[in-house]
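Data block below; observations after.
The values are calculated or read from the model by the stated rules, or taken from the named source; none is laboratory data. What you see is a predicted model, and the numbers here were worked out from it, not measured in a lab. Cβ placement follows ideal geometry from the backbone for every residue including glycine, while neighbour counts extend to all protein chains displayed.
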């Protein structure tokens, strides 16, 4: 079929062979490095300016070509898991041909329809230490519930958001199984996703149903990042605002819009990454961590990895005053009075 690249999109003879124009337009105008790929061919359907600059710094003619033309390594095979409906998305590290640099790719089905025809790809730096910088605004109340588990999948840390989002007190959740919070019909899918993180060392995303304290099922986006030893992990749960009482197949309805998907993915990754940083600290457990919100955990984790207030404010698109307010609230909950005391509490010096 003949096609032509026009303003960052492909126009084909058949209008039904491409995602909706609105989807392509959102991706083409995104400030993040973002792509839309056709699943089977890995043909690039749309690319943001940052993605075009990354893949082809000179000509930037990428739309209509296979992504594998720009990669120095081979395919990961992860898309087959999405096509098979086993997961909604996954993390992979790929090397860009032009620069020889490794980048972190998050691949996510655009919706939950079957068969999956197009995926959204968000490209992030592969940070050697600390959390990967993940852009995105968090200017409303929809923030994830973040936490971590041990190798038995027992929750050993969770953010205070679990109370507002799911109706549980953090102290009642810590020490229980992550699987106990999930609809029994979705446990097999979660175990499959955990097996994927354990075998690859990379993260996965999926949509699942979480049981609120009142036993109503809430559809959520779940982000899982691996810890050592496997299958311990950090997680971020983002309720999509809809409660439902049907079977597992009911989750596979049309998913959120691409703009919402980008926002949720960035929030979930930042939340899980913040929990990953805190879970790796030698001073754990610190009881007061369960009193922190996901936003406070995010700010604290960035402080611990060397960022300071101006940089954190820029990364989160918040004012420096707002960041200081989050730190002050965290200090009060953890019983410290300064950044230095907080760092000393969470990263104690080894005993001689």
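Of the set (1) modelled with pLDDT of 90 or more; (2) over 22 Å from residue 27 (Cβ atoms); (3) out of contact with any helix residue (DSSP H, G or I) (no Cβ under 9 Å at 6 or more places or on another chain), all apply to residue 128 but (1). The residue pairs whose first member lies in segment 333-351 and is closer than 24 Å to residue 170 by Cβ, whose second member is surrounded by fewer than 11 Cβ atoms within 10 Å (Cβ to Cβ) and at pLDDT 90 or above, and whose beta carbons are closer than 8 Å, counting only pairs six or more residues apart or on different chains, do not exist in this structure. Scanning segment 65-85 for residues that are more than 15 Å from residue 40 (Cα to Cα) and surrounded by 15 or more Cβ atoms within 10 Å (Cβ to Cβ) gives 70, 71. Among the residues making up segment 160-196, those that are under 20 Å from residue 290 (Cα atoms), touching a residue at least 60 places away in the same chain (Cβ under 8 Å) and touching a strand residue (DSSP E or B) at 6+ places or on another chain (Cβ under 6 Å) are 161, 165, 170, 174.
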